[in-house]
1. Using the Cα centre of the chain as origin and beta-carbon charges of +1 (Lys, Arg) and -1 (Asp, Glu), tell me which of Ser463, Ser211, Gly607 is placed farthest towards the positive end of the dipole.
2. Once you sort the root eigenvalues of the Cα gyration tensor of segment 540-671 as a ≥ b ≥ c, which label holds: rounded (a/c under 1.5), prolate (a/b larger than b/c) or oblate (the other case)?
3. To the nearest 20 debye, what charge dipole does segment 289-420 have about its Cα centre, counting +1 at the Cβ of each Lys and Arg and -1 at the Cβ of each Asp and Glu?
4. Quick check on my link table: of Lys167/Lys592; Lys157/Lys321; Lys133/Lys157; Lys167/Lys187; Lys47/Lys157; Lys133/Lys710, which ones sit more than 19 Å apart, alpha carbon to alpha carbon?
5. Heavy-atom accessible area per residue, segment 518-569, 1.4 Å probe: how many Å²?
6. What is the distance in Å between the Cα centroid of segment 369-388 and that of segment 444-460?
7. For Glu428, enumerate residues with amide H under 5 Å from its amide H, sequence gap 5+ or separate chain, H modeled in the peptide plane.
8. How do Arg542, Arg647, Arg482, Arg660 stack up against each other in accessible area, from largest to smallest, with a 1.4 angstrom probe?
Amino acid sequence: MTATEVRALYGWAKIDPDGPVVAGSTGTWRITYHAGRYGVDDGGVLKIAWRDVSDWEAPQFTDPGAPGYATVCTSGPASLRPTFEKQRFVRPWRRCVTIDVFDDSLLEGDRVTLTLGETSGGSPGSRVQTFCKEAFEFRVAVDWCGTWVYTVVPSPKLEIVSGPPHKLVVPGPSETAPGEETWVGIKAEDVWGNPCTGYDGEVRINAGGLSGLPEVYRFGPQDRGVNRFEGVVASAPGVYRVRAEDRENGMEAEGNPLVCVETRGEFHPFWGDLHGQSEETVGTNPVSSYFRFARESALVDFAGHQGNDFQITEAVWTEIKKQANAQYEPGRFVAFVGYEWSGNTPVGGDHNVYYLGEDGPLYRSSHVLIPDQSDIDTDCLHVTDLYQALKGRRDVLLVPHVGGRYANLTWHDPELEWVVEVYSEWGEFEWFLREALEKGYRVGFTAGSDDHKGRPGAAYPGSGSFGVYGGLTCIYAKELTREGLWEALKARRCYGTTGQRILLEVTADGHAMGADYQATASPEISVNVTGTAPVERVDVFRGLEQVYSFPETVERSDHSIRVAWSGQRIRARNRLVRWDGGLSIDRGRILKAEGYAFDSASEGIQGVTERSVSWKSVTTGDADGVILTLDAPPETVLRFRTDVVDRSVSLAEIARGPVRVDAGGVQIAVVFEQMPTGAGRETAFTFREPGLPSGCHPYWVRVVQIDGAKAWASPIYVTT
C-alpha cells in the first residue's frame, strides 16, 4: 500500500511547530492526528511513540504545574484517555503515549491533538531529548478497528540541533617523536556534549612548546564546531599539553598529554571506541553518520559498529559493511565490520563480533524482529553454537560485555575471546573483569561507549537510562591499520579508560601488558602514568587480590572533605541507583561545594547554603560525589540523606581515616574521607612481591585520578 493510500484510509499526523529545535531545550509542541476514511472505532487506540533511546522528557497528564505536562483533545465526539508508557510498542519505538478512544467514534477528518509541554497551568514545558538527531520521528499508529492491530500512518519529524557553546575540548594523540608531524584537535560542545555545529568563536591557543599551531583560530561554518590541526611538531622529548581559550564565551580547556619520546618503540598508542550502534537498529542517526562522527567529531583513531543482530536485515548488514569499508583509511582511521550477537543472558548474553576484513557471516541469536525468515537456519541460539559456527576462523573476534543484557561467563572460547569490556555508558563493571579472572580466563580489558545516541568516541549519557560518559580503549599497535590493531588486540596489548586519554604503560620484567610468559621469580612490575588530572592512586592486583597501592601514603587535605557514593543495584538491565538527596552540617560553615565525577548536565549540585548542599545523581557502578571546603570544628556532625543511605558522621571520625558505609546491591556504598591531594599528573614506580607460589598470576593495574577518571590495564599473565 502506498503512503498516499495509507493517508487516505487510516489518517496522518503533523507537528506544530515543525522547525529545528535545540537539544535539551524546553518548549511546547502539538502533534495532531487527522482520522482517515475508516475513522477510529469506539475501543480503538492511537499510539504516538518515539525511540526508546531518546531522553525526551516523559509526558505526564496529572500536574499542570509540573515539568512535562501534556494534554489531549479531539474535535470529534469521542472521549479520550491518555497514558504514557515505556516499552508498549515494537522496539525501538517503546516510549509511547497511548490514547484510548471510547464512548463514541472518530469520523474521517476528526482530529486528535497531543500537546507536549502545555504551559497554561504553570508547567515550564517539555524538555527535548539532549542529543542531536537528523530526523527525530514521532511515530503515529492507529488501531482503527479496536482489534489491537496497529497501522503506522504518515508521521511528523523534527530536526534536533546542538545548542550554544558550553565548553571546549582538546583531544589529540598520546605519543610522538621529535620532528615527527602529528595533530591536535579543538572542539566546542554544548551543555549536553553535542559538538556545536554553528560555533564561530575565536580561540586562543597556547601550544605549550609545540610548533605548527596558530596562536588564534576563528571557527567557521566549515568546521561544524570541530577542527583538527595537522602538521603539529614537538622539537624535543617531554610532555606537552595544549591549552585553548575562548574569552568571549568564557571557555578554556587543556588537552590530554602528548608525550614526545626520544625514539619511537615498536608499539604506538591509538585511541578508539569499539562499541556502539546507529538507527538501523536501536540507536540514533544512520551508520554513515556514526562512523563520520567517530572520525571527524570525536577524533578517535578507530571505531566499531555493533548493532543488535535480531534487527539487522540483509540490507542493513550490507550497509554496515559498505560504510565501514568506505570510511576505513589506513594510517588515518580504522573502521571494523561487525555486529552484536544479542542472546539472552541464560544462553550467553551480549557478545560483540568483529571481523578483520571487509566481510563476514551474520550469525544471529534470533530472527525475532527480522521479517525475512529464509535464513533462520543460520541462527546460533546459544553462544556455544556461535563458537562452533566460527570455529577455525582467524579473522573474527568476540568481546563479552555488559550491555542491557550481560554476558554469561559460564562459557568462554579462548580462541575467539581475547578481551572483555569492563566499562561503557551502561556503567562501570569491575565485577565483570574479576569474574573472568576468577574463572581463570586469560583476557585483556577494553572500554567503549555502547553509544546509542550517534556520538561514538565522545558519548555523554544524557538524561535517560545510561549512567556514565562512554569509555575509550587504547591499543598499543605497530600501525594504525585493521591488521595492526587486530594483532594488538589478540595480544591483549590494550587498556580501557572512563573516556579520558590517560596514557598508561605497564610491564612485568619488560613484558608489555597482555603478555603471557614464564618466570623463575616474582616479576618486577613497572608502571608509568601520564594523567589528564593528578593521579590519586595506582592499585596493583594479582588476580583478585590487591597487592600494592601507590603512593603508599596518601596525602590529604585537612580542610576539604569528599563524600562519594557508588555502585549499581543489580547486574542486569535496571541497575541504575538514584542518589538524589543532600547533606548538612550541624555547626560551622560550608565555604565551597564542588561536584565530583558527575557525568551529565542532568546531574550535579542543585543548591548550597552555609550548612547544606543538595544534588541529583545516578550511579551504575561508578562514583559521584561532592567535595566540601569547610570552616568547622572537629566535633561537627555531617548528616548524609538519600533514599539509599541515611548516615551521620563526625569530622573527627573522618580525620582518623576514610569511613565507608556499604548498602548492598553490587558494591553500593558511600565513602566519607578527607580529600586526597594526588601524586601529580606524571607518576612512575616499580613493585616486586617478596615471593610467589607456583601457578599463573595475572597482574593488572587500576589507575584512579582525583577527578574520578579511571583506567584498567590488561593483565600480564606471569607463570612461576
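1. Value computed over the given set: Gly607.
2. Oblate, since a/c reaches 1.5 and b/c is not below a/b.
3. 320
4. Exceeds cut-off: Lys167/Lys592; Lys157/Lys321; Lys133/Lys710.
5. Ligands and nucleic acids excluded, the figure is 43 Å² per residue.
6. About 27 Å separates the Cα centre of segment 369-388 from the one of segment 444-460.
7. Under 5 Å from the amide H of Glu428 lie the amide H atoms of Thr620, Gly621, Asp622, each far enough along the sequence or on another chain.
8. Arg660, Arg647, Arg542, Arg482
The values are calculated or read from the model by the stated rules, or taken from the named source; none is laboratory data. Everything quoted here is computed from the prediction, not taken from an experiment. Because the Cβ atoms are built from the backbone with ideal geometry, glycine has one as well, and the counts that use them run over all protein chains shown. These area figures cover heavy atoms from the full protein model, side chains too; ligands, DNA and RNA do not enter into them. Shrake-Rupley method; radii C 1.70, N 1.55, O 1.52, S 1.80 Å.
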